[in-house]
1. Residue 136: surrounded by fewer than 22 Cβ atoms within 10 Å (Cβ to Cβ) and within 16 Å of ligand 1 (Cβ to nearest atom), yes or no?
2. Which condition breaks for residue 334 when tested against (1) within 11 Å of ligand 2 (Cβ to nearest atom); (2) touching a strand residue (DSSP E or B) at 6+ places or on another chain (Cβ under 8 Å); (3) open to solvent by 10 Å² or more (accessible area, probe 1.4 Å)?
3. Given (1) surrounded by 15 or more Cβ atoms within 10 Å (Cβ to Cβ); (2) within 16 Å of ligand 1 (Cβ to nearest atom); (3) within 30 Å of residue 236 (Cα to Cα), identify the lone condition not met by residue 161.
4. Can you give me the number of residues within the range 402-449 that are closer than 21 Å to residue 310 by Cα and not in a helix (DSSP H, G or I)?
5. Which residue out of 88, 128 is touching a residue at least 40 places away in the same chain (Cβ under 8 Å) and surrounded by 18 or more Cβ atoms within 10 Å (Cβ to Cβ)?
6. Suppose we filter 177, 193 for residues that are assigned to a loop (DSSP other than H, G, I, E, B), within 16 Å of ligand 1 (Cβ to nearest atom) and in contact with a His (Cβ under 7 Å, 6 or more places away or on another chain); which single one remains?
7. Considering each residue of the range 208-252, count those that are within 16 Å of ligand 2 (Cβ to nearest atom) and either open to solvent by 10 Å² or more (accessible area, probe 1.4 Å) or free of Cβ contacts under 8 Å to residues at least 60 places away in the same chain (or both), and give that number.
8. Report, by residue number, each residue of the range 242-301 that is among the small types (Gly, Ala, Ser) and within 19 Å of residue 193 (Cβ to Cβ).
Amino acid sequence: MYLAGLLATLLLSTLAWEVRAAEEPVLAPLQLDYHLLLTHPNLHLVTVEITAGKVAGDFLDFTMPAWSPGRYAIYDFAKNVQEFVATGAQGQSLPWTNLDKQTWRVDLHQAGGIVKARYRVFANDLNGTFSQFDSTHANLNGSSIFMYVAGHKPDPVTLTVDAPQGWQLISGFSDSTSERTFHAPNYDRLVDTPLEAGAATKLAQFQEQGKTIRVAVHSYGDDNTDLSKLREGLQKIVHTEMAMMPAADFEHYTFILHFAPDISMGDGMEHLNSTQIIIRGSLSGSLAEALETAAHEFFHLWNAKRLRPAALGPFDYTREVYTPSLWLVEGVTTYVSYLSLLRSGLWTREQFLSRLAEEIRTLEEEPGRTLMSAESSSFHAWFYDRSPQMQETNFANSTISYYNKGALLGMLLDLEIQSRTQGAKSLLDVLSLLYHKFYEAPQETYYGPGRGYEEKEILEAVNEVAGGDFTAFFDSYVRGTAPLPYNNDLRAAGLSLQISVPGNSPPSIGITPLLDDRGVRIFAVQPGGAADRAGLGRDDLLLAVDDQSLATEDLDKRLRAYPPGASVPFTVESQGREEIINLTLDPPVASSYTIQDLSGLTSRQTTIRNHWLRGKY
Ligand SMILES: [Zn+2]
Ligand SMILES: [Zn+2]
């Protein structure tokens, strides 16, 4: 039932992408002062006071965002708000009501022209979206902390931070770590500027093209943190990416990194002139992962934060905003980050090609690749970008990742543009053109320079750069689900994709397994595979193969005893009943993907390969 509903939604949404403009009524600006008090670390409670001056009218609405730009998930940050109070010019209490779960409406009749809203926020999540405040630090992402005054997101705001004695504070606003008062041109900039305050922050910086790049590291359990290797790696990335793209409008950029071995999951989040990078591991042990994340997040400085889809700035924080273009925002950023790691010398040619081959394998092993397009995956990000799902879904069989397919579309577009222009133009020329066209266009909203693009304008830019018509490419591979033409495009650069069966591979039964104390639990059944043909389903428990227990032996090891095509009895527990079900084994899966050199290259192939791998920049 749910799957049918999802598919119907996907079909409808491919017909008409709905993009809702986040329009703001024009109201006389308020004087807005935000005061952040970091006084209760043991309870993980930060206190926020928002003083709004020059208020008029019957009421003022204070709204907590439902989501945070860059993470396409409804988190309802209001759930962590407590102890809301409102007072007027003389400190008198003002009545308020909850208009909905995220809006506090304050009655202004007795306010005297000034309202102070005060509330506390529980903050104990270290990641790029929520916030954490404890005795070691405060790492704050604005959307999870700061309410906005409805109708007044365009108004300038002042932020003052009361932090414990001895803490250093660094953010995209700060010029020194002792600064405590900051000015933001509007609410969007306030929450686009994460803040790290603590006693243990280690700092480094370097210059590139006259810009200051700052590195702030908070590392748990690693006291002798030497930032030199990290700084050197970041310098190579910044140098390479700034050479790839037009000069951007920022004075300083801040990498805020956390190395925390005990967290469940790492994260990276882009911001206008900073990034939050949280690595599950230590600085010395996870340097390569940190640099890889940094290469992705720094490129967002152009692609996402400045060059952006129309829905992504200014933002409607109250609900989902939709764009079919996350394949470009996230996937192409991933692809360019691979190019950057290669061209900066941090990756070898072999690492680069093997990562691309791995991206191909990932997509080719997704059953959802025939059901969901890159545009549809982007549009429906709200279902799976770390969304807080408590219900069962069939995403393992029905979806793809716009990161993964977008990266492959980036690779194919890059190769195809280079092929059609004899190596004269590349995907980076498309991104640069888009940047000039949209970010450097006349400012359309309070949010900042330029305007957002529509999906069709990506195709127009590709056509302009390549001097050809890519409509068929976009119809088949971006809007459609046709198999991607890897070898056709790799051949242009003298390369070829090889897919083979690794030695000693067992026959396949077509499931995604979950380990269970008693055997192998089926997490997903691949449509058409051996398990599907035998009628097995999700959550069924495989207990034994031919009476040989799966509690004591690995499934693959058991399967290696049989040839493909054999009919093998499995003991299966399904819907509470144990039964014997015969499966006819499929051949082993060709799961080895490599990109290899072709021999006897033409000069054209050599030119394109050199331009692709080394760049012209
Ligand atoms: Zn920290
Ligand atoms: Zn990203």
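1. Working: surrounded by fewer than 22 Cβ atoms within 10 Å (Cβ to Cβ): yes; within 16 Å of ligand 1 (Cβ to nearest atom): yes.
So residue 136 passes the test.
2. Of (1) within 11 Å of ligand 2 (Cβ to nearest atom); (2) touching a strand residue (DSSP E or B) at 6+ places or on another chain (Cβ under 8 Å); (3) open to solvent by 10 Å² or more (accessible area, probe 1.4 Å), only one is false for residue 334: (2).
3. Failing condition for residue 161: (3).
4. 10
5. Values: 88 fails: touching a residue at least 40 places away in the same chain (Cβ under 8 Å).
Being touching a residue at least 40 places away in the same chain (Cβ under 8 Å) and surrounded by 18 or more Cβ atoms within 10 Å (Cβ to Cβ) holds for just one of 88, 128, which is 128.
6. Working: 177 fails: in contact with a His (Cβ under 7 Å, 6 or more places away or on another chain).
Being assigned to a loop (DSSP other than H, G, I, E, B), within 16 Å of ligand 1 (Cβ to nearest atom) and in contact with a His (Cβ under 7 Å, 6 or more places away or on another chain) holds for just one of 177, 193, which is 193.
7. Adding up the residues that qualify gives 1.
8. Those that are among the small types (Gly, Ala, Ser) and within 19 Å of residue 193 (Cβ to Cβ): 248, 268, 274, 294.
The values are calculated or read from the model by the stated rules, or taken from the named source; none is laboratory data. What you are looking at is a predicted structure, and each value in this text was computed from that prediction instead of being measured. No Cβ is skipped: glycine too gets one built from the backbone with ideal geometry, and neighbour counts run over all protein chains shown. Surface accessibility is based on the protein's heavy atoms, side chains included, excluding ligands, DNA and RNA. Shrake-Rupley method; radii C 1.70, N 1.55, O 1.52, S 1.80 Å.
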